[in-house]
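Peer 1: So that we are looking at the same thing, I have put the structure below in structure tokens.
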Amino acid sequence: MWIAPRALWATALAVALAAPSAACGDDDDDGGGGGDGGDGQTTSDAGAGDAGGDGGGADAGPGADGGAGETIALPGDAVYPEGVTSLADGTIFVGSAAQGTIFRVPPGATSPESEAFAEGGDNGLVNTLGLYADEARGTLWACSSDLAGTSGIAPGLKAFDLATGEPTGSFDFPGGGICNDIAIDAAGNVYVTDSAAPRILTLPAGGAALESWVEDDRFGGEGFNLNGIEVDGDAVYTVKFNTGDMFRIPIGEKGAPGVVLAVALERPLESPDGLRREDDGTFIVVEGVGRLTRVALSGAAQQLTTLRGDLNGPTTATIVGDGAWVVEGQIVHFSDPTTGPPDLPFQLVRVPLP
């Protein structure tokens, strides 16, 4: 069933992000976590990763820093960037939620190339959200949704040649929804969150169509639901924007989903968006209230640590070398114009990862 995405997006984001500065001054909100309800299932798989590309840590070669400065400025006054991904050499791709454009930022640059990697409309791009660079297969994956519901183009997963930007595939969401974020496992299976329906979809490696991988009532609710997603070894992790929950879904035999487990954290995440795995099996999560937070699930001592707490409307992040490039999307000004104009230029901000 099609759910009015622009209204859903506006309501959820306006409530959660209207005053990020009031919520992000508490840089000391680092809490330890307590177990995961006694089942031990939330322990990260040591040494296990995903398929490469933007899996956090695995997407950056030694010494790659993604930019000489601490910010990357994006052109235009209505870009509203949302998704971001990167390559091992430090190349960064960032997408526009408002215009659909995908920009490419060369290693060491502080602004994108003059010619866009992909323009809005290419391969059916409308509002570009999550991105994932799959270097192993030479593909840039992008989530596209029609947040205004006026284009007549179905939401879906888009594939582009990573070197040329040429479209290589388009996969509609069955029944509509909001294609939000993307992860890939070592076998090349693609996982995608739907923020409007309580499900995670999958495109099996070499498959021709998206299909529902796992559905769970806990994924649903009022407003904007599942958001960031990541693979860590033999499990998929995802976060829920409107409740701050984090879930773990084991990947079973032949790729079948296991039992959905809620990860018990000391505090709920606040408007969690982008989720990326670090090399050491921990995660970073972008909290829409202005924080970049490390979530350590290894062993019994789960811990949340604030890495930065003064970001301006952050959405997602990608790990390059020893830092995370965080998108300051300021999406609240796109979803609710009554909040006033955004701060310009739109930018990515580098946060060191100690």
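The values are calculated or read from the model by the stated rules, or taken from the named source; none is laboratory data. Predicted model, so just to flag it, every value in this text is computed and none were measured. Virtual Cβ from ideal backbone geometry, glycine too; neighbours counted across all protein chains shown. Note: areas computed on protein heavy atoms with side chains; ligands, DNA, RNA excluded. Shrake-Rupley method; radii C 1.70, N 1.55, O 1.52, S 1.80 Å.
Peer 1: Using 0.36 nm per residue, how much length does the chain from residue 279 to residue 267 gain when fully extended, once their Cα-Cα distance is taken away?
Peer 2: 1.9 nm
Peer 1: Determine, from the Cβ-Cβ distance of residue 253 and residue 170 and an R0 of 22 Å, the FRET efficiency 1/(1 + (r/R0)^6), rounded to the nearest 0.05.
Peer 2: Given R0 = 22 Å and the Cβ-Cβ separation, E is 0.15.
Peer 1: Where does region 253-306 land on Rg/Rh, using Cα atoms and the Kirkwood Rh? Numbers along the way, then the final one.
Peer 2: Values: Rg = 12.6 Å, Rh = 12.4 Å.
Checking Rg against Rh, the ratio lands at 1.02.
Peer 1: Could you tell me how many cubic angstrom of Cα convex hull volume region 259-349 has per residue?
Peer 2: In region 259-349, the Cα hull volume divided by residue count equals 118 Å³.
Peer 1: Okay, moving on. Using heavy-atom solvent-accessible surface (probe 1.4 Å) with all chains present, what is the largest-first order of 164, 305, 101?
Peer 2: On the way: 164 85, 305 40, 101 15 Å².
Of 164, 305, 101, the descending order of accessible area is 164, 305, 101.
Peer 1: So, one more: To the nearest 0.05, how large is the calculated FRET efficiency for residue 114 and residue 187 if R₀ is 35 Å and r is the Cβ-Cβ distance? Could you put the intermediate results ahead of the total?
Peer 2: Working: r = 37 Å, r/R0 = 1.07.
With R0 = 35 Å, the Cβ-Cβ based efficiency is 0.40.
Peer 1: Averaged per residue, what accessible surface does region 86-226 expose to a 1.4 Å probe, in Å²?
Peer 2: 33
Peer 1: Relative to the present Cα-Cα distance, how much length would full extension add between residue 89 and residue 310 at 0.36 nm per residue of separation?
Peer 2: Between residue 89 and residue 310, full extension yields an extra 76.7 nm.
Peer 1: For region 66-174, which semi-axes, largest first and in whole Å, follow from the square roots of 5 times the eigenvalues of its Cα gyration tensor?
Peer 2: Values: eigenvalues 102, 54, 20 Å².
Ellipsoid half-lengths, sorted descending, are 23, 16, 10 Å.
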